[in-house]
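A.B. asks: Before anything else, here's the structure in question.
Read the figures in this text as sums done on the coordinates, not as results from a lab. Being a predicted model, the structure only gives us computed values, none of them experimental. Here the Cβ is made from the backbone with ideal geometry for all residues, glycine too, and neighbour counts use every protein chain on show.
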Amino acid sequence: AALSHRRSRIHRAGERRRRVAGSSGRRVADGGAMVADEAWQLPGRGRKAGCPFEVGERAPLSRGAVNYRLEGPEGGAIVVCLHGLNASLASFGVLGAALIARGFRVLTYDLYGFGLSAVPGGRLNPDLYVTQLQELLDFVQQQERGPNGGVALSPVHIVGYCLGGIVATEFALRHPDRVGRLLLISPCGFAPRSEAPCQPLLFGCLRRRCRGSLFLGLVRCLAWCCQLPARYYLRGKELDSFAPDVRDPESEQFRAYARKNTERYAWALPRSLNSCLRGLRDMPIWREDFAGTYERLAASQVPVFFMWGDDDGVVPFSEAKDLLIDIFGPKGSSCILLADAGHGLILEEEDVAEVSACATNWFTGSQDPSWLQCLDTWSLSKQADAESNGGDKAEPQLAIVGPSAV
């Protein structure tokens with residue numbers, strides 16, 4: 001389904017090429033990637049030359065080392081960015097830079113099993129990732145305070161993207177005193193299982209205890225045996241499954257992005273494939289698994305705000321809308337849809353400009369009338385009323401939400 005959606009976007013992209021070509025100098029999420037022969041060595045893993053991942057600082061936590069970056073002006077409010085499945089901190093290259101430019105201190109890191117962070121044994125589930133974030137914040141905030149201690153830092157704001165939305169939600173519920181505000185961008189956990197691809201494999205095999213364990217063992221064995229020829233075959237290639245869901249996936253910027261993603265996957269093939277499958281097995285990605293948790297978030301005191309691309313082909317808004325409105329409409333939450341944006345709305349600069357502007361207003365609690373009007377226009381309760389009345393919702397002017405509105 002995702003590949004069909006991508007092909008249709010490629011077909012429509014011809015009309016947009018002039019606009020894309022005019023912004024050929026824009027930064028893509030991988031623009032600043034380091035080629036890290038000097039990458040720090042992870043426990044149990046040898047040093048590899050030409051590391052395609054972005055190398056940050058090393059945090060030695062209880063379940064293994066974590067690759068992270070903390071960037072931005074000292075004293076700025078900390079925004080934690082949580083990436084999606086089979087991704088890394090490089091996902092926030094563009095959005096992170098935009099938030100830093102707006103005065104935030106941005107913490108990005110590789111979830112366990114992905115990027116350059118360790119791969120612990122056991123399950124890659126919310127318990128593990130909540131503990132990882134808790135310990136990483138303890139570590140980072142201790143570094144910020146220095147050896148002599150000092151004043152405890154304020155609660156952090158969290159951006160949860162795709163699978164990261166599940167981690168952000170669980171963390172906010174378990175540690176509400178450490179969270180200021182949540183921004184969930186195209187989060188998992190709303191779509192029904194009936195819309196999932198490869199359902200017999202996912203629900204009939206991978207997510208079953210015995211069958212899943214046997215299947216993972218077989219895949220690990222095959223991956224280890226085939227990693228060298230597979231790495232050779234994938235060298236310099238771009239696979240459709242690694243292409244971002246953006247307006248024009250055939251532009252040179254995003255073809256390079258797809259090549260870089262393919263390179264990262266092939267660089268540690270057994271690890272990448274194993275972690276991806278374990279994430280699909282262990283994480284509550286569908287509404288049948290996670291609706292109750294979202295209900296608890298809606299009943300909590302944690303402020304939450306949503307953003308989505310209205311042409312998202314990975315987590316379509318049309319599949320999430322009914323549950324999103326039912327749960328968060330009564331809370332008074334808002335969900336802004338970006339026109340023509342896909343799942344990669346944190347990658348394209350024209351979308352990132354809107355996302356970072358909205359994030360800044362949201363995290364700072366802006367009382368600017370234009371921002372409050374925008375929130376009111378995109379209120380989920382109003383969207384529910386409009387649908388029940390059969391009316392069309394007016395498009396708000398997102399141009400009014402920018403630096404001048406903060």
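A.B. asks: Beyond 15 Å, what share of the Cα-Cα pairs of segment 186-243 remains, rounded to the nearest whole percent?
C.D. replies: Values: 1136 of 1653 pairs.
Tail fraction, whole percent: 69.
A.B. asks: Going highest first, how would you order 365-373, 338-346, 288-296 by mean Cβ packing within 10 Å?
C.D. replies: With the highest mean Cβ count within 10 Å placed first, the list reads 338-346, 288-296, 365-373.
A.B. asks: What is the distance in Å between the Cα centroid of segment 176-239 and that of segment 67-138?
C.D. replies: 20 Å
A.B. asks: Another question about this same structure. Can you tell me the order of 102-108, 185-191, 212-218 when each peptide is scored by its average per-residue count of other Cβ atoms within 10 angstrom, highest first?
C.D. replies: Per-residue Cβ counts within 10 Å, averaged per peptide and sorted highest first, yield 185-191, 102-108, 212-218.
A.B. asks: Below 10 angstrom from the Cβ of Arg105, what's the summed charge of the other residues (Lys, Arg +1; Asp, Glu -1)? Before the final figure, lay out each step's value.
C.D. replies: Values: positive: none; negative: Glu71, Glu74, Glu144.
With Lys, Arg at +1 and Asp, Glu at -1, the neighbours total -3.
A.B. asks: Here's something else I'd like to know. Once you charge only the Cβ atoms, +1 for Lys and Arg and -1 for Asp and Glu, what is the size of the charge dipole of segment 249-289 about its Cα centre, to the nearest 20 debye?
C.D. replies: Here segment 249-289 has a charge dipole of around 180 debye.
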